[in-house]
Amino acid sequence: MSDCDRFLDALASDQLDDAARSHARECQVCRPLLPEEQAQAAAPPASLEAVLGRALETLRTTPVRPWTRDAGRIALLQGVVAFVVAAMLGARNRSSPLANHMALAVVGAVLLAVVTLGSVLALAPGRRRPRWMLALVPVVPLLLLVSGNGVHTATTMRAALPCLVTVVLTAVVPLAVGLALLRGMALDAARTVALALSAAATGLFALHWHCTDGSAPHLMGFHVLPWLALALLAIPLRRALPTQNHVP
Amino acid sequence: MLSNRALVKPDPPLLRTPSGSTESDEQLMERFVQGEEQAFSELFARHAGRLQGALRRMVGAAADDVLQTTFLSIVRARGRYERGAPFRPWLYTVAVNAARDHLRRHRREEPRAAGDLPDTPADPEPLPDPGLSRTVERALAQLPEAQREAIVLHRFEGFSFKEIAELLGVTETAVKVRAHRGYQRLRVLLASERESA
C-alpha cells in the first residue's frame with residue numbers, strides 16, 4: 001500500500017494522523033485534499049443579499065402551514081371515499097353466512113386505519129415515519145387472507161375483474177390529491193409508496209365488505225395485486241411531476 | 001488527532017445581523033417558524049455563505065439558484081420543521097435535495113462539466129494556494145453525484161459519516177463506501193490534473 005493510499009484511507013475513516021498529514025504536505029497529489037489546504041468558499045455579499053431579500057419577501061407573504069393540516073385533510077378525504085364506495089357497493093360479504101364477523105371487523109378496522117392514519121404517517125416530516133408504512137406490504141395481504149372465508153365464487157375473469165377495477169378506480173382521486181401534495185415536499189420514493197398504499201387501501205376497504213370471494217388466489221390477484229401495483233406506479237408518476245419544495 | 005469538524009473554518013462575517021444573537025440555531029428556528037424575520041436573517045447570516053460554498057462544489061455555477069431554492073423551500077415549508085431537531089443537518093438535507101433536483105432536471109439538457117464551475121474563486125480571503133482549490137473543484141466536478149455529495153459533506157462541511165447517513169437517508173456503510181471510492185477517484189483525477197498541468 002502506497003503512502004497516498006494510506007493517506008486516503010486515513011482521510012476516509014476520519015483518522016488523519018501526523019504521518020498521513022506529513023505525507024500529504026509533501027505530496028502534490030494528496031496535498032489538495034488536506035483539510036487545512038482549503039479555505040472555505042465564502043459568498044460575494046451581493047448575491048447573498050439578493051437571496052436573503054427574496055426569502056424575506058416570501059416570508060412576509062407566506063403564512064406558516066402546519067403539515068398536520070394537509071395530512072388531516074387527505075386522511076378525511078380518503079376516509080370519506082372509502083365509506084362512500086363501501087356504501088355504494090353494499091356489504092354483501094358481511095351478510096354472507098360464511099363470514100367470520102370478528103375477523104371481518106378487525107381487518108376492516110385495520111384497513112380504515114391504513115386509509116386514515118396511514119396518510120398522516122406518510123406525510124409526516126422526516127424520512128423515518130413514512131418508511132414504517134412499508135411494513136404494510138406483507139401485513140395487509142396476510143390479514144386479508146386470515147379474514148377471507150376461503151370460498152372461491154368469482155371463478156371467471158369476468159366475475160373477478162370488477163374487484164381489480166374497483167381498487168384502481170377508487171384510488172384515482174385520493175392518489176391524485178396525494179401526488180399533488182407530495183409535490184410540496186422533497187422527492188422520496190418511500191414516502192410516495194407509503195401515501196399510495198394508503199390511498200389505494202380505500203378500494204381494499206370497500207371490497208373487504210362487499211366481495212364474497214374469500215379465496216387466496218382471488219384476494220391476492222384481484223385485491224392485493226392492484227393495491228401494490230398502484231403503489232409502485234406512484235413512483236414514476238411522482239418523479240414525472242415537478243417538485244415545488246425540497247423540505248423532507 | 002484533529003477531527004474534520006475542528007478544521008472547519010467559521011463563516012466570514014458576511015451579513016452578520018447587528019443583534020449578535022447567542023441563541024442556538026434551533027431556538028432561532030422556533031422563532032422563525034412563527035414568522036420572525038430577524039430570526040430568519042440570523043440563521044441566514046450564520047449558514048448561507050458556507051452552504052453556498054458547498055453547493056458550488058455540488059452543482060457548480062448554479063449554486064446561487066440552488067441556494068435560493070433551498071431558502072425559499074425552508075421559508076414556505078417551515079411548518080414541516082420538527083421542534084428541537086438539529087437545524088444544520090436539516091438545512092443541508094434540503095440543500096442536497098434541491099441540488100439533486102437541479103442536476104436531475106438539467107442532466108438531459110447538458111451534462112455537467114468542469115466548465116460549469118465559476119471562473120473565479122468566490123472567496124475574497126487569500127487562499128493558501130488558489131490553484132489547488134481550483135484543481136480540487138475541477139476534480140470534484142468529475143465525480144459521480146453520490147460520491148461528490150459524500151465528500152463535500154464529509155471533507156468540506158465537517159459532517160460525520162453518521163450525520164451524512166441521516167442527512168441522505170442511507171446507511172452509514174453506504175456513505176463510507178461512497179466516500180472511500182470518491183477519495184480514490186479524486187486522487188486519480190488530481191494526479192491526472194497535475195500531469196496535464
Legend entry - All positions within the stretch B:4-40 that are surrounded by 14 or more Cβ atoms within 10 Å (Cβ to Cβ), more than 14 Å from chain A (Cβ to nearest Cβ) and either modelled with pLDDT under 90 or touching a Ser or Thr at 6+ places or on another chain (Cβ under 8 Å) (or both): B:21, B:23
Inset, instruction - Give the residues of the stretch B:153-188 that are assigned to a helix (DSSP H, G or I) and either farther than 19 Å from residue A:10 by Cβ or aromatic (Phe, Trp, Tyr) (or both), sorted by residue number. - result: B:156, B:161, B:163, B:165, B:166, B:167, B:168, B:174, B:183
Legend entry - helices (runs of 4 or more DSSP H) fully within the stretch A:63-164 counting 2 or more residues that are surrounded by 19 or more Cβ atoms within 10 Å (Cβ to Cβ): A:67-89, A:101-123, A:136-147
Inset, instruction - Hey, can you tell me all the residues within the stretch B:133-151 that are at pLDDT 90 or above, of a type outside the set (Gly, Ala, Ser) and assigned to a helix (DSSP H, G or I)? - result: B:145, B:147, B:148, B:149, B:151
Inset, instruction - Kindly check whether there is at least one residue in the stretch A:208-215 that is among the aromatic types (Phe, Trp, Tyr), out of contact with any Cys (no Cβ under 7 Å at 6 or more places or on another chain), buried (at least 24 other Cβ atoms within 10 Å of the Cβ) and over 30 Å from residue B:72 (Cα atoms). - result: no
Legend entry - Residue list for the stretch A:181-228, filter: within 30 Å of residue B:74 (Cα to Cα), in contact (Cβ under 8 Å) with a residue 60 or more places away in the chain and in a helix (DSSP H, G or I): A:181, A:190, A:191, A:193, A:194, A:195, A:197, A:198, A:199
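In this structure, does residue A:131 turn out to be in contact (Cβ under 8 Å) with a residue 24 or more places away in the chain, charged (D, E, K, R) and farther than 30 Å from residue B:37 by Cβ? First the steps, then the outcome.
On the way: in contact (Cβ under 8 Å) with a residue 24 or more places away in the chain: yes; charged (D, E, K, R): yes; farther than 30 Å from residue B:37 by Cβ: yes.
Answer is yes for this residue.
The values are calculated or read from the model by the stated rules, or taken from the named source; none is laboratory data. Owing to the predicted nature of the structure, the values given are computational and were not obtained by experimental measurement. Every residue, glycine among them, receives a Cβ derived from its backbone with ideal geometry; neighbour counts consider all protein chains shown.
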